[in-house]
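Have a look at the structure below before the remarks.
Each value in this text was obtained by applying a stated rule to the coordinates, not by laboratory testing. Keep in mind that what you see is a predicted model, and the values were worked out from it rather than measured.
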Amino acid sequence: MSFGNWFNREKEEIPEKFHSYESGKAFENCMICDKYLLDPGTRYMIEKAFKQYSGFQSKDVLFEFAICEDCGTSMRADLSKESLDNIQQYFFTNANRVIDMDEYEKNSSVSDLFTQKCIIKNINKEDLTEFQMIAYCDGPNLSLSEPPLLISELAADEIQELISEQTRDELERFTDDLTGLPPELKELFKDEMILI
Ligand SMILES: [Zn+2]
């Protein structure tokens, strides 16, 4: 089954795992421009990174944020064509777009179904030390056109390698220009692969 079929499902409200750890509620505003996100028709993405320790049930949230579609587009515009092509090619070649029919029928939740293992490395979430989860959203719901995904640190590192030096400089300039962004988030944008 391809991703194309997943939207036959009912609309799904943004699940708790994509809520803000800090507030305990759904993200309400774009981290960059502060736009309100929960009106239907407002498109945005949520990204959260986790670190977990084997043998422990708990995990740390390394970072989390929501970015509206417009801000995401501005950031992507700073990526060179070469970097964008590289990333697209990487996903095209490596992403596991086939889902298990049994799992599909068993899972009532789309977000559970798509965040069980790394989309690239096929490793179960339980066996990962660090991973990121991304959800594409529309107001209070998950987007019906793009399923959420989980990416292991291993794959995120590989993707980061695909970004040219020039693009890194551009992204750095972009974050320097952002006003009101807390310093720790600026550092994050510079050091971490933000998958937009
Ligand atoms: Zn924004």
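Of note:
- Percentage relative contact order, region 3-178, counting C-alpha pairs under 8 Å, at least six apart: 29 percent
- Gyration tensor (alpha-carbon) shape descriptor, region 3-178, a/c threshold 1.5: rounded
- Flagged links, alpha-carbon separation over 24 Å, of Lys17/Lys117; Lys59/Lys117; Lys11/Lys121: Lys11/Lys121
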